[in-house]
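The values are calculated or read from the model by the stated rules, or taken from the named source; none is laboratory data. Computed from a predicted structure; not experimentally measured. No Cβ is skipped: glycine too gets one built from the backbone with ideal geometry, and neighbour counts run over all protein chains shown. Surface areas here come from the heavy atoms of the whole protein model, side chains and all, with no ligands, DNA or RNA. Shrake-Rupley method; radii C 1.70, N 1.55, O 1.52, S 1.80 Å.
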There are 4 protein chains.
Amino acid sequence: MNSRIDVAILGAGGLTGRELLRWMLRHPNLHPVHITSDQCAGQPVSAVFAELDEPAYASLRFSKHADALPSGIPVFLATPNKDSAELAPRFREEGRAVVDLSGSFRLHDASVFEKVYGFAHPHFDWASKSVFGLPEMFREEIRSVHSEGKILANPGCYPTSVLGALAPLAPVLGKSSCIIVDAKSGVSGAGGRVEDAGFSFGGVYENFRAYKILKHQHEPEIVEHLGRAGQFTPDLVFTPHLLPTFRGILSTIVIVWNDTPDAHLLEAMVREHCEAEPFLRFRSTPEEVELKRVQNTNFIDIGIRSRGNKTVVVSALDNLVKGAAGQAIQNLNLMLGLPETAGLLLQ
Amino acid sequence: MNSRIDVAILGAGGLTGRELLRWMLRHPNLHPVHITSDQCAGQPVSAVFAELDEPAYASLRFSKHADALPSGIPVFLATPNKDSAELAPRFREEGRAVVDLSGSFRLHDASVFEKVYGFAHPHFDWASKSVFGLPEMFREEIRSVHSEGKILANPGCYPTSVLGALAPLAPVLGKSSCIIVDAKSGVSGAGGRVEDAGFSFGGVYENFRAYKILKHQHEPEIVEHLGRAGQFTPDLVFTPHLLPTFRGILSTIVIVWNDTPDAHLLEAMVREHCEAEPFLRFRSTPEEVELKRVQNTNFIDIGIRSRGNKTVVVSALDNLVKGAAGQAIQNLNLMLGLPETAGLLLQ
Amino acid sequence: MNSRIDVAILGAGGLTGRELLRWMLRHPNLHPVHITSDQCAGQPVSAVFAELDEPAYASLRFSKHADALPSGIPVFLATPNKDSAELAPRFREEGRAVVDLSGSFRLHDASVFEKVYGFAHPHFDWASKSVFGLPEMFREEIRSVHSEGKILANPGCYPTSVLGALAPLAPVLGKSSCIIVDAKSGVSGAGGRVEDAGFSFGGVYENFRAYKILKHQHEPEIVEHLGRAGQFTPDLVFTPHLLPTFRGILSTIVIVWNDTPDAHLLEAMVREHCEAEPFLRFRSTPEEVELKRVQNTNFIDIGIRSRGNKTVVVSALDNLVKGAAGQAIQNLNLMLGLPETAGLLLQ
Amino acid sequence: MNSRIDVAILGAGGLTGRELLRWMLRHPNLHPVHITSDQCAGQPVSAVFAELDEPAYASLRFSKHADALPSGIPVFLATPNKDSAELAPRFREEGRAVVDLSGSFRLHDASVFEKVYGFAHPHFDWASKSVFGLPEMFREEIRSVHSEGKILANPGCYPTSVLGALAPLAPVLGKSSCIIVDAKSGVSGAGGRVEDAGFSFGGVYENFRAYKILKHQHEPEIVEHLGRAGQFTPDLVFTPHLLPTFRGILSTIVIVWNDTPDAHLLEAMVREHCEAEPFLRFRSTPEEVELKRVQNTNFIDIGIRSRGNKTVVVSALDNLVKGAAGQAIQNLNLMLGLPETAGLLLQ
């Protein structure tokens, strides 16, 4: 049964918007009928995204942000943090299903939020009415987001790569001494405009560097939700790096345990969890985890190896798919009672 | 005074050989007069390395490995591990200054050596007569290598990036709980033939992955020499990764301390040490440490930031220069009593 | 009506095979049920192509080349030239629809064939029973390939990029003095194994060069079919180059006319032709023609500008899609009476 | 005899300035003592160009453009076209040797100049007192630039790649029917700021396109000087392209002759000319001409192959060296009576 569900995308002119449009081309139910971008207003999809010159979008044009939305339809917010902070509660109060891809509803401690995002949240009371959309950790909460009148806060790309990989180990992470995360992302992880993505060729190509060391906004997001899933207070360091690639995040996570764990048991926990999840794939060696196997897919590939009281977990995903648009669709699928994988396999 | 010192390079047909030749073009004293490569034998330098089509090398041709060397001249060994294990002692017994760029004389525990390198060393007794050539840690030992009849074991590229960065902190590292090293290298770090460097375009480009997780031969090299410099037993995990770049290594090192240290003191230790070293450069923020600033130089750039009981140190170097050929020249300079920086600045 | 048609792919273990499998995931009719590769025999699709870890292929495994094919089903030959030369006639005589992606049935002059491909064709009599599968030039012939017992010779990637762009101008090319084609391809244009694609990272990255100058096998392919379409004898020079990219071919074609043509008329011919073709897209300026707009699509983007007696035509396509697997599917669609675009749009 | 000659660089904060500084580090005579950049004013060289953190430049800081220059010293103008148009005559009238790297004094037809550069030249009378600095064509004129009170107009990067390669054939090019030039450049060919070089990573990486088709300002520059060298009126089309690389230009030149020439004679002309020139290198096959062999050198590599009445010439150079800073130094060497290769070999 392929019942048609119209949806809107606000802030559709960037990389995340393009990816939402691309994946919904194949979705049996979700159909974008209203997309906004002040900069692209009036243009057809194909004028902005030549690779989406498809019959299904022949009559779809960008509207302005302020234009009225068709009533009742679900909305993806691919808008800046401050805009989402205003729009998500308003749309939710209109009764719409809301999937917010910004960072505005992911944290639940107001003082942490202000420090990290640099502005006073106008509707922080809604934080308690938002659900963090990582299905591998919080699937049941996500299923009831819409019926309970909540906002779906779609996770950040780095948090997805770390939490998706640590989800299987959450029950035992309380026995860790500390967790050191070294994450590397292609330039599209910065979101923004398709044309520039914020980085010059000369500054990225044949180069590599770390950024926002001990200061990245995704660290508290990881700490909060990992702690909640594992019922502990993570002692965690997160260091992001900029790769000279366009797509993909690879995270190398070293867990230091209080005592030497059973390495086979840890590996079995990860493998079995992956087998039960539609978008986690267990790799028999962590060296097989690499960007090119996950690019343009909604999968997270995961590998693990232990020695003494240390465990190395490596994960890879596509930051624009499982790290953004793909996961947003996965979440809306769950919220609307559709099959979780609808539209997210190539088939 | 620019007295001329003739030198030989064995195994000069690869990336390291090319780099040794390139830097010695500008060296006021060292002049390669005998270079070997069975594969390139008979060819002039410019036929193998078009970018070295220079008057100074117009009459220099590759010899075979077995061809007799001019007597007495110093020799760089850019040969495979097994070859160096045989050749270095022989050349040293002939009275030559020997700088070995292989891994055969860097470790001092025979059982570790065999496990790591996979063969029984034919002359492991010489390990005790070799000096690990990291001037930032062991300068005085290096100065007397030649006079004491020892072999200079030139460090690996990854160990140089880690030990060079941790050298300033060695006196206090005994207070660390564990050290997590996440290192990333361009493809030339694998050495080998210039033409292929062992990696296909399709396998490296727009890709990223870890390799030899908890199994890399450079981990015990780091542990041994860091422990010696700091008089402690490091609890260290080293994870190497392959970048889609040609040159450069960036290492992100997280030190977990037993107690919260004085962050300003640590930073001051690093800054002051760098100021006293000709090839270490302190960067006021660790985000400024990046590959493009060190490529084609003999520098290591270092930055540091601490929070609570964690310190993040980031270092960058060119794996073919400070990580191989440049450091080898720096070591021979010290061994021969030449200025340490001779030939290693652009000037 | 989505009637199911099972198909086979011989030589499915390479880049072209992967791409055929990828596009048929979405095809409403064509379903691969038999895929061969001696090297991958016994393995499931996902073990060879991790990105194709899809439910539709869960039970599909590679067979050996010599294994018996299900009777009657159409076959794609992604095999080497010599293998195709043997297999295509045999399968055609079995009554199968045959789409051959090799170069073995594209040329119709035996002496040219031997000179270009370096071997004596075992079944060159079949050349006269093969049809060159460029729908934009020879659609009607393609529609009747199967009913007339002929072989479909799928065009080379470079010829598609040149002939697709020149198809609109074919009627007037008899008035040209000469045609200079400068073509540039990413490494995947060389076909071969997925893992290496025949090119090392160090040899391709930050590099660019021409190859097979005045000697490339695609030049006579272009000359024969362009001459046939335009009823003239082209005076044409074709120079291929290797780009440091993975996907895509951009061809810059300069036509020197005997007399100054009507520039507006030429542009109108191209624009109108593109509007009538499902996979040609006219770009209003030739500067808008670029690889990134056509990668992972079956489109050819085309732009044109004239000055005096010269016309510059620029075209871009994805060498693995319109230049290989996509066009092969387009051709089989036509041969089987399916909609020409079936499976070839993202939708 | 290494007599010291102080020099100034105006507009030293960009890629060309960096390259001038880098090469002069090794120059036995030329020493930059005054460098300007309003944006970098007050900063030391190493703060702007970390890779030039060298003792020789320890005390050299950027001045403002308007700051007074030391009297009498030669000046390199790496300034925008309009600035050079004002400054070059003024500095020349002060008696300085002037090497202008802009496009303001390369053309000698005022109407062409205005059309191409889009502004009215304030001192076009100086065009007749400027010499086009391509030593391979106009060496004797260059030697007398300074003594005759003229300005040295350093050629554009593309014109150098084309004219350097065609210089050997200039005497016979009058017999050509037309010349089709297809040129490809890395992003640094656009000059500008080091940090951005004007191109985003997402727009260049894994992409390729032509630009300024039939409209590039370097086409009339090539036509004028090729015509002058060969005493004919070239019928020439020039199409530039943007490569996803940082450095290097490769030009593929197809000459269409009126009659079939003697291919061996043409090849011999090129080979012999190259052997007599310090910075031209003949490659025995044109396939050996590639970017990586010329990057970071002042060489132009050239190869040639003919068939019938067509000749293909391929050339490669480093746009920042032979295409800009290296050639500027070569020209100043000639103007000042220094050895032509001084400072321009690695040695």
**Request:** Return the total of residues in the range C:300-347 being part of a strand (DSSP E or B) and buried (at least 24 other Cβ atoms within 10 Å of the Cβ).
**Result:** 11
**Prompt:** Which number in (1) away from every other protein chain (no Cβ under 13 Å); (2) open to solvent by less than 40 Å² (accessible area, probe 1.4 Å); (3) under 23 Å from D:Gln217 (Cβ atoms) marks the one condition that D:Pro80 misses?
**Reply:** (2)
**Request:** Go through the range C:309-328 and count every residue that is away from chain A (no Cβ under 14 Å) and in contact with a strand residue (DSSP E or B) (Cβ under 7 Å, 6 or more places away or on another chain).
**Result:** 10
**Request:** With the condition kept exactly as written, say whether any residue in the range C:217-234 is part of a loop (DSSP other than H, G, I, E, B) and under 30 Å from D:Phe246 (Cα atoms).
**Result:** no
**Message:** Quick check on B:Leu87: is it more than 12 Å from chain D (Cβ to nearest Cβ), within 24 Å of B:Phe132 (Cα to Cα) and open to solvent by less than 10 Å² (accessible area, probe 1.4 Å)?
**Reply:** no
**Request:** Kindly check whether there is at least one residue in the range A:266-285 that is more than 30 Å from C:Phe49 (Cα to Cα) and within 12 Å of chain B (Cβ to nearest Cβ).
**Result:** no
**Request:** Consider C:Val116 carefully, then state whether it is touching a Phe, Trp or Tyr at 6+ places or on another chain (Cβ under 7 Å) and either in a strand (DSSP E or B) or over 28 Å from C:Pro339 (Cα atoms) (or both).
**Result:** no
**Asked** Given the structure, is D:Ala97 at pLDDT below 95, over 23 Å from D:Cys40 (Cβ atoms) and surrounded by 15 or more Cβ atoms within 10 Å (Cβ to Cβ)?
**Response** no
**Message:** Quick check on the range D:57-71. Is at least one of its residues within 12 Å of chain B (Cβ to nearest Cβ) and touching a helix residue (DSSP H, G or I) at 6+ places or on another chain (Cβ under 7 Å)?
**Reply:** yes
**Message:** Just to be sure before I move on: is C:Ser188 at the interface with another protein chain (Cβ under 10 Å from one of its Cβ atoms), in a helix (DSSP H, G or I) and surrounded by 23 or more Cβ atoms within 10 Å (Cβ to Cβ) in the structure I sent?
**Reply:** yes
**Residue check, D:Pro159 surrounded by 21 or more Cβ atoms within 10 Å (Cβ to Cβ) and in contact (Cβ under 8 Å) with a residue 24 or more places away in the chain** = yes
**Request:** State whether the residues of the range B:244-265 include one that is under 30 Å from B:Gly202 (Cβ atoms) and either without any contact (Cβ under 8 Å) to a residue 60 or more places away in the chain or in contact with a Pro (Cβ under 6 Å, 6 or more places away or on another chain) (or both).
**Result:** yes
**Asked** So how many residues does the range D:197-246 have that are facing another protein chain (nearest Cβ under 7 Å), of a type in the set (D, E, K, R) and open to solvent by less than 40 Å² (accessible area, probe 1.4 Å)?
**Response** 1
**Request:** Just give me the residues in the range C:122-137 being under 21 Å from the mean Cα position of the chain (by Cα) and either in contact (Cβ under 8 Å) with a residue 24 or more places away in the chain or open to solvent by 50 Å² or more (accessible area, probe 1.4 Å) (or both), in sequence order.
**Result:** C:Trp126, C:Ser128, C:Lys129, C:Ser130, C:Phe132, C:Gly133, C:Leu134, C:Pro135, C:Glu136, C:Met137
**Prompt:** Which residue pairs have Cβ atoms under 6 Å apart, sit 6 or more places apart or on different chains, and have a first residue in the range B:41-65 that is within 21 Å of D:Lys292 (Cβ to Cβ) and in contact (Cβ under 8 Å) with a residue 24 or more places away in the chain and a second that is open to solvent by less than 60 Å² (accessible area, probe 1.4 Å) and assigned to a strand (DSSP E or B)?
**Reply:** B:Phe62/B:Ile35
**Prompt:** So is A:Asn296 open to solvent by 10 Å² or more (accessible area, probe 1.4 Å) and within 14 Å of chain B (Cβ to nearest Cβ) or not?
**Reply:** yes
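Name every residue in the range C:249-281 that is among the hydroxyl-bearing types (Ser, Thr, Tyr) and assigned to a loop (DSSP other than H, G, I, E, B), in order of residue number.
Within the range C:249-281, just C:Thr260 meets the criteria.
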**Item:** Flag for D:His31 being outside any helix (DSSP H, G or I) and in contact with a Gly (Cβ under 9 Å, 6 or more places away or on another chain)
**Value:** no
**Prompt:** Any idea which residue in the range D:15-47 is farthest from the other protein chains (Cβ to nearest Cβ), counting only those that are surrounded by 21 or more Cβ atoms within 10 Å (Cβ to Cβ) and of a type in the set (Val, Ile, Thr)?
**Reply:** D:Thr36
**Asked** Of these, A:Lys175, A:Lys212, A:Lys184, A:Lys150, which one is charged (D, E, K, R) and touching a helix residue (DSSP H, G or I) at 6+ places or on another chain (Cβ under 7 Å)?
**Response** A:Lys150
**Asked** Quick one: which of C:Asp109, C:Asp67 is farther than 26 Å from C:Arg18 by Cα, exposed (fewer than 15 other Cβ atoms within 10 Å of the Cβ) and either modelled with pLDDT of 95 or more or of a type outside the set (Val, Ile, Thr) (or both)?
**Response** C:Asp109
